[in-house]
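Here is the structure we will look at, set down as structure tokens.
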Amino acid sequence: NAGVMQNPRHLVRRRGQEARLRCSPMKGHSHVYWYRQLPEEGLKFMVYLQKENIIDESGMPKERFSAEFPKEGPSILRIQQVVRGDSAAYFCASSLMGRMNTEAFFGQGTRLTVV
Amino acid sequence: DAKTTQPNSMESNEEEPVHLPCNHSTISGTDYIHWYRQLPSQGPEYVIHGLTSNVNNRMASLAIAEDRKSSTLILHRATLRDAAVYYCTYGSGNTPLVFGKGTRLSVIA
């Protein structure tokens with residue numbers, strides 16, 4: 001059973017371009033979480049999705065960022081018109097139950113560099 | 001948001017036990033305590049979680065204070081592969097995990 005798969009592992013975008021980050025959760029997991037980690041910082045929660053629904057987006061910037069988790073296919077984190085400050089590692093996690101009495105499994109992350 | 005206090009860094013000798021403390025004084029009765037770790041250039045990895053009583057698994061032990069306002073992650077014999085940032089967090093229901101800056105553990109050979 002493959003773990004959480006994120007791609008691409010590294011992504012370089014010029015300022016103003018769009019970045020699309022993909023996350024395939026573990027098989028059978030319907031709960032997906034996205035986190036951002038700036039260099040030398042901790043993990044910051046961005047958004048929690050459960051198949052086709054956004055459950056909690058309290059950590060998402062109000063503009064340029066969006067996330068989806070369609071019925072078929074991976075979850076996508078989309079950043080429009082990227083700026084240098086968006087350069088970070090973006091991690092996706094999935095869980096089976098979406099409750100705090102279970103563990104979450106993280107992917108290896110996508111490292112976004114905006115030049 | 002889960003508010004935890006952890007030392008910024010700790011150091012341990014290889015093969016020695018390590019006790020990583022965490023204060024979570026605002027924890028509620030239904031909140032589970034979770035520990036994750038992040039090795040360099042890797043995604044976070046689950047270590048252990050618990051509610052009230054102490055927990056053991058193949059990676060570590062979790063000692064939870066009686067008032068639940070603090071907990072300690074115990075690595076029984078540190079190895080070089082245990083060098084990582086260790087995060088303590090807590091929550092209940094469907095709330096997502098919220099992480100602080102964690103403790104950076106260095107292991108000396």
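Bear in mind these aren't lab numbers, they're just calculated from the coordinates by the rules spelled out. Everything numeric here is computed off the predicted structure, so don't read it as measured data. Please note: Cβ atoms are built from the backbone with ideal geometry, for glycine as well, and neighbour counts cover all protein chains shown.
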Next on the checklist: Cβ-Cβ distance below 6 Å, separation of 6 or more or different chains: which pairs start in the range B:92-106 with a residue that is among the charged types (D, E, K, R) and end on one that is in a loop (DSSP other than H, G, I, E, B)?
Outcome noted: B:Lys101/A:Gly42
Checklist entry - Does the range A:69-79 include one or more residues that are in a strand (DSSP E or B), under 22 Å from B:His34 (Cβ atoms) and in contact with a strand residue (DSSP E or B) (Cβ under 6 Å, 6 or more places away or on another chain)? => result yes
Item to check | In the range B:57-80, the residues that are in contact (Cβ under 8 Å) with a residue 40 or more places away in the chain, closer than 29 Å to A:Gln6 by Cα and not hydrophobic (A, V, I, L, M, F, W, C) | outcome: B:Thr79
Item to check | Members of the range A:47-66 found to be touching a Phe, Trp or Tyr at 6+ places or on another chain (Cβ under 6 Å), among the hydrophobic types (A, V, I, L, M, F, W, C) and without any contact (Cβ under 8 Å) to a residue 40 or more places away in the chain, listed by number | outcome: A:Val47, A:Leu49
Next on the checklist: Please verify whether B:Ser92 is at positive phi and within 11 Å of chain A (Cβ to nearest Cβ), treating the condition exactly as stated.
Outcome noted: no
Checklist entry - So which residues in the range A:1-25 are buried (at least 18 other Cβ atoms within 10 Å of the Cβ) and in a loop (DSSP other than H, G, I, E, B)? => result A:Val4, A:Pro25
Next on the checklist: Within the range B:24-56, take every residue that is surrounded by fewer than 16 Cβ atoms within 10 Å (Cβ to Cβ), touching a residue at least 40 places away in the same chain (Cβ under 8 Å) and farther than 20 Å from A:Phe105 by Cα and give me the one that is nearest to the chain's Cα centre (by Cα).
Outcome noted: B:Ser25
Checklist outcome for this item: Reported set for the range A:69-115 where residues are more than 17 Å from A:Leu11 (Cα to Cα), away from chain B (no Cβ under 14 Å) and over 16 Å from the mean Cα position of the chain (by Cα) is A:Lys71, A:Glu72
Checklist entry - of a type in the set (Gly, Ala, Ser), under 30 Å from A:Met60 (Cα atoms), facing another protein chain (nearest Cβ under 8 Å) and within 13 Å of the chain's Cα centre (by Cα): does that describe B:Gly100? => result yes
